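Engineer: Below you'll find the structure I mean.
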Amino acid sequence: MASFAIEDFVGNGCLQGLVSMLLEEGWDDVPTVKIMNVDDMNELNMTQRQKDALEIRSYLHDRALMQYADKFEESGNSLTELLNLSTVDLTSKFGMKRGHVARFTDRTAASGGDSLSETYSLHMRRRTTSRNESLCRKDLSPVTSRKQSMTRSLRRTKTDISLEQSMAELEIKGGHVFKGIVASMPDEPRACGCVQPTPVVETVAPYSSIENISVQKLTPEYKIGMERLVKTKTATIKASKLWHDKPAVFVCIRRPGCIMCRAEAHQLYARKPIFDALGVQLFAVLHEQIESEVTDFWPRYWGGVVLFDRNMEFYKTLGGGNLLKDKFISGFLLNPRAISNYRRAKAMGVDQNFRGEGETKGGLFIVGKGKSGIAYQFIERNFGDWAPLAEVIEICRRLQNPQESQLRVDHIDTTRGLAMVIDSMDGSQPIF
């Protein structure tokens, strides 16, 4: 699985000398570096070789194939030239495994396993090179000129129009049934009825259930050249301070060494530039503090802030006041959906270990700023269930303009497990 540490991303090639300049200009994390366009590269006076290296590494990072990045860069070939090589050439010249060749030459699907629009990835990857200037001008879709511009409100600049187009491709289409509170399909008895489904709540938690939660900061948001962990033990703070001024996404990790938890965290943080543009913060929450596990998890699989929920209050809130737990045999070995989730994560090339407690189920919250409440809540009913990315981004997009639609959680459609957000201006029209 591709790391979010910028030092791992640039490798040992020609991009190493740019690290200090990237930091100075605000390109200080991997998801942001990957959306550079040709204008950004020219402003940094990047050579053609450096442009090619960045394009190659971004493409490989999307497909969890970074082990080949240094060899590809040393070859002097552009990404287009590499993609046109035969399977025999890729295998003999670069030692690429045949399964990896198939993943590399598939230009449409990035690693991740989520059904998020693949054209989004293509928009992010398109870049102009002097070798193919005329052709690439037709395909180029600049997403951003600088990280700082993404955090402003969306204005009608060329960069912002392109970002809006990418966002439009992620919009939920009419007729979509939100997964909302629980997994998309109700759980069923397994093993001839010997294993009953885990009971889950069917209502969004009230704001009062999270308002007084205390957390401890284990890591900062990853930036180039920073220390890997918060060395000094930080004081606990009220979680409500984190969303006082900006909405926030909290992904509650069941176990940071779990292959499925790592895959979920990675595919969510990979979309950080979108959340930056929407003014939404990203936090990962752990219920155990094992330093070696935090070190393995951050920033390789998650480059954002990691929080320690000592009293497991976020996890209890997901369960309506009680922790949601399941055993390895009943919750995984006898659960076809959990096994399917495992295979999805395994296909992404994620490593795993078995340290720590992994029976307490996690989930995800989207919390509006101030005291506006929980806008979205997702429960990991089956081990490895993910909140759908398209839904998460859609909710965050709608939280961006509260003046247009004063959003509040009003009631739950329990037949679908769907948090119905109502326009409180008239109290009648559900907006999703």
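Engineer: Kindly provide the set of residues from the stretch 326-338 that are touching a helix residue (DSSP H, G or I) at 6+ places or on another chain (Cβ under 7 Å) and within 30 Å of R63 (Cβ to Cβ), ordered by number.
Structural biologist: Our first condition is that a residue be touching a helix residue (DSSP H, G or I) at 6+ places or on another chain (Cβ under 7 Å); within the stretch 326-338, this holds for 331-332, 338.
Once the filter is applied, which keeps residues that are touching a helix residue (DSSP H, G or I) at 6+ places or on another chain (Cβ under 7 Å) and within 30 Å of R63 (Cβ to Cβ), the stretch 326-338 yields F332, A338.
Engineer: Next up: Taking L218, is it of a type in the set (A, V, I, L, M), open to solvent by 10 Å² or more (accessible area, probe 1.4 Å) and within 15 Å of the chain's Cα centre (by Cα)? I'd like the intermediate steps shown before the answer.
Structural biologist: Working: of a type in the set (A, V, I, L, M): yes; open to solvent by 10 Å² or more (accessible area, probe 1.4 Å): yes; within 15 Å of the chain's Cα centre (by Cα): no.
No; evaluated as a whole, the condition is false for this residue.
Engineer: Could you list, in sequence order, all residues of the stretch 279-312 that are more than 11 Å from F250 (Cβ to Cβ), open to solvent by 10 Å² or more (accessible area, probe 1.4 Å) and not basic (K, R)?
Structural biologist: G279, H287, E288, Q289, I290, E291, S292, T295, D296, F308, N311, M312
Conditions (1) farther than 27 Å from V204 by Cβ; (2) of a type in the set (V, I, T); (3) more than 16 Å from the chain's Cα centre (by Cα), marked per residue:
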site	(1), (2), (3)
K238	no, no, yes
W243	no, no, yes
H287	no, no, yes
Y301	yes, no, no
V306	no, yes, no
M312	no, no, yes
T317	no, yes, yes
S340	no, no, yes
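Engineer: Scan (1) crowded, with 18+ Cβ neighbours inside 10 Å; (2) under 30 Å from L268 (Cβ atoms) for the single condition L90 breaks and write down its number.
Structural biologist: (2)
Engineer: To continue, here is another question. State all residues of the stretch 10-29 that are in a helix (DSSP H, G or I) and closer than 16 Å to Q67 by Cα; if no residue qualifies, say none. Before you say what the answer is, go through the steps one by one.
Structural biologist: Start the filter on the stretch 10-29 by keeping residues that are in a helix (DSSP H, G or I), which leaves 10, 16-24.
Once the filter is applied, which keeps residues that are in a helix (DSSP H, G or I) and closer than 16 Å to Q67 by Cα, the stretch 10-29 yields only V10.
Engineer: Looking at (1) among the small types (G, A, S); (2) open to solvent by 10 Å² or more (accessible area, probe 1.4 Å); (3) closer than 25 Å to A277 by Cβ, which one does A2 not meet, given that it meets all the others?
Structural biologist: Unmet for A2, out of (1) among the small types (G, A, S); (2) open to solvent by 10 Å² or more (accessible area, probe 1.4 Å); (3) closer than 25 Å to A277 by Cβ: (2).
The values are calculated or read from the model by the stated rules, or taken from the named source; none is laboratory data. Just so you know, these numbers come straight off a predicted model, no measurement behind them. Because the Cβ atoms are built from the backbone with ideal geometry, glycine has one as well, and the counts that use them run over all protein chains shown. Ligands, DNA and RNA are stripped out before the accessible areas are found, and what is left, the full protein with its side chains, is counted by its heavy atoms. Shrake-Rupley method; radii C 1.70, N 1.55, O 1.52, S 1.80 Å.
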